[in-house]
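> So that we are looking at the same thing, I have put the structure below in structure tokens.
No value in this document is a laboratory result; all are computed from the given coordinates. Model, not experiment: these values are computed from the prediction. Backbone-built Cβ (ideal geometry, glycine too); neighbour counts: all protein chains shown.
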């Protein structure tokens, strides 16, 4: 599979893939954006803010036409600076209001609280396949391509699976369950770890 590093010129395509891929996700879909009439519009702004921050690491990988995108954070680097985190939270309040934004930020806080700090590792922040290209193995192939690069550096990897339907796909790629995060609505996120090879 042809894989390349996304640039800021790809931002619109990356955002669209993230928006459509996560619109039914148990965490980043209706749980975070409960109004179906505004979900796509608000989630697009949400994902644009996040993708803009994460593109700077040079580890957002994509297929040629952004059929799938994988956002990796390299070892030892924070996903956001404190200033970026504050601005992102302000945007979330603007988009969702105080009560709903608190639900979203609490989910982020739970993920952060369970995220291991040692040993240094690559963090798969997001893996998304555009709706028009699901079921073709493109996302799995993109994941494999990213892991091939990480294996060349002999690094471990970590992720949070917000959709239990994807757990077996990550297991096929060598990830093993690491922990569980229960959200207030009862949904369980599975954290997963892959040792260095």
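> Can you tell me which residue within segment 34-81, out of those that are free of Cβ contacts under 8 Å to residues at least 12 places away in the same chain and within 18 Å of residue 123 (Cβ to Cβ), is farthest from the chain's Cα centre (by Cα)?
Within segment 34-81, the match that is farthest from the chain's Cα centre (by Cα) is 81.
> Does segment 88-96 contain at least one residue that is part of a loop (DSSP other than H, G, I, E, B), surrounded by 12 or more Cβ atoms within 10 Å (Cβ to Cβ) and either out of contact with any strand residue (DSSP E or B) (no Cβ under 9 Å at 6 or more places or on another chain) or free of Cβ contacts under 8 Å to residues at least 24 places away in the same chain (or both)?
no
> When only residues in segment 43-72 that are touching a strand residue (DSSP E or B) at 6+ places or on another chain (Cβ under 8 Å) and surrounded by fewer than 17 Cβ atoms within 10 Å (Cβ to Cβ) count, which is nearest to residue 2 (Cα to Cα)?
Selected residue: 64.
> Just checking, how many residues over segment 146-195 are assigned to a helix (DSSP H, G or I) and either in contact with a helix residue (DSSP H, G or I) (Cβ under 7 Å, 6 or more places away or on another chain) or crowded, with 20+ Cβ neighbours inside 10 Å (or both)?
Counting residues in segment 146-195 that are assigned to a helix (DSSP H, G or I) and either in contact with a helix residue (DSSP H, G or I) (Cβ under 7 Å, 6 or more places away or on another chain) or crowded, with 20+ Cβ neighbours inside 10 Å (or both) gives 5.
> Quick one: which of 82, 75 is touching a strand residue (DSSP E or B) at 6+ places or on another chain (Cβ under 7 Å) and surrounded by fewer than 17 Cβ atoms within 10 Å (Cβ to Cβ)?
Residue meeting the stated conditions: 75.
> Among (1) touching a helix residue (DSSP H, G or I) at 6+ places or on another chain (Cβ under 8 Å); (2) without any contact (Cβ under 8 Å) to a residue 24 or more places away in the chain, there is one condition residue 128 misses while meeting the rest; what is its number?
(2)
> Name the residues in segment 116-145 that are part of a loop (DSSP other than H, G, I, E, B) and buried (at least 16 other Cβ atoms within 10 Å of the Cβ), would you?
121, 130
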